[in-house]
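No lab work stands behind these numbers, since they all come straight from the coordinates. Computed from a predicted structure; not experimentally measured. Backbone-built Cβ (ideal geometry, glycine too); neighbour counts: all protein chains shown.
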């Protein structure tokens, strides 16, 4: 694999294929992609707020001559706001997501995060955790635009002479995850199916779908793999994510079968093999999701309880 620099900004990895990277890849610091050919353009994901997205789009225009209102298509890899909250700045673009992703986007808008941040000063340790991870972002300055086109399973798009294959692999990280393959350029944009050098967070599951998504990427063996968070990687990086998910599944199942609570299991599982990754406290989410999967519980998780547990694990220096 070419040694792509992990620096903030736009990186051209091929003929008309660009990645916009945001170190260190932790909460909210997501990546985007741009595909340009034959006078057409497709943007893979926007960013967590309008100011960040404006900055990115200006840098892309400087590099390509394509302004925000000239972008033809925006593809959202999933519903999380750090991949969608700048959609509206691409004023003339068709916005595409999976059907499940679009429904989730409509149900969970930026007002939830804005409300959480307003309450944070009164929430003690949990509130400080919110401030630490979400404080840099402006949830009162977003540019929402819901998908104008949806699909299930697979959709092929043309960008000039390039073919972009969208493949639905969720529910996994969220309810509607998709991968965007550009086979002519041996590239895939993975959204949050991949966190590289950061701990994956499984809001939806099942874990089996996420493992299958990793296998799909590995089997297709693209040279350039752009994760939702973290540096550009190769199939070895994908395998490492798969190793984490498999390990957490096995270890969580042991504790579930032994009758431990999800909270106790989250504290008990060793993450020494992945201790260099950021955001290790996300194990709280992963264990909670796996427990609900094991019991067939389809209810909405208690977000406040989960964030409180992450704050506790973070305090105990598990990161």
Subject >> Calculated [θ] (222 nm, deg cm²/dmol) that DSSP helices of n ≥ 4 give over the chain, each run adding -39,500 (n - 2.57) >> reply: -11500 deg cm²/dmol
Original post:
Measuring from centroid to centroid over Cα atoms, what is the spacing of segment 64-84 and segment 230-244 in Å?
Top reply: 24
Original post:
Using the beta-carbon distance between residue 258 and residue 5 and R0 = 30 Å, what value does 1/(1 + (r/R0)^6) give for FRET efficiency, to the nearest 0.05?
Top reply: 0.10
Subject >> Cα long-axis angle, helix 235-257 against the chain (0 to 90 degrees, to the nearest 10) >> reply: 30
**OP:** List 137, 307 from most exposed to least, where exposure is judged by having the fewest other Cβ atoms within 10 Å.
**Re:** 307, 137
Subject >> Peptides 64-76, 24-36 ordered by average Cβ neighbours within 10 Å, highest first >> reply: 24-36, 64-76
Subject >> Ranking of 84, 303 by count of other Cβ atoms within 10 Å, fewest first >> reply: 303, 84
**OP:** Relative to the longest principal axis of the C-alpha atoms of the chain, give the angle of the C-alpha long axis of helix 50-64, reported between 0 and 90° and rounded to the nearest 10°.
**Re:** 40
Subject >> Segment residue 165-residue 122, extension gain: residue separation times 0.36 nm, minus the distance between their alpha carbons >> reply: 10.9 nm
Subject >> residue 107 versus residue 270: modelled label distance in nm, points set 7 Å from Cα along the beta carbon direction >> reply: 3.8
Original post:
Roughly speaking, what is the stretch gain from residue 300 to residue 215, that is 0.36 nm per residue apart minus the C-alpha to C-alpha distance, in nm to one decimal?
Top reply: 27.8 nm
**OP:** Just rank 118, 144, fewest to most, by other beta-carbon atoms within 10 angstrom.
**Re:** 118, 144
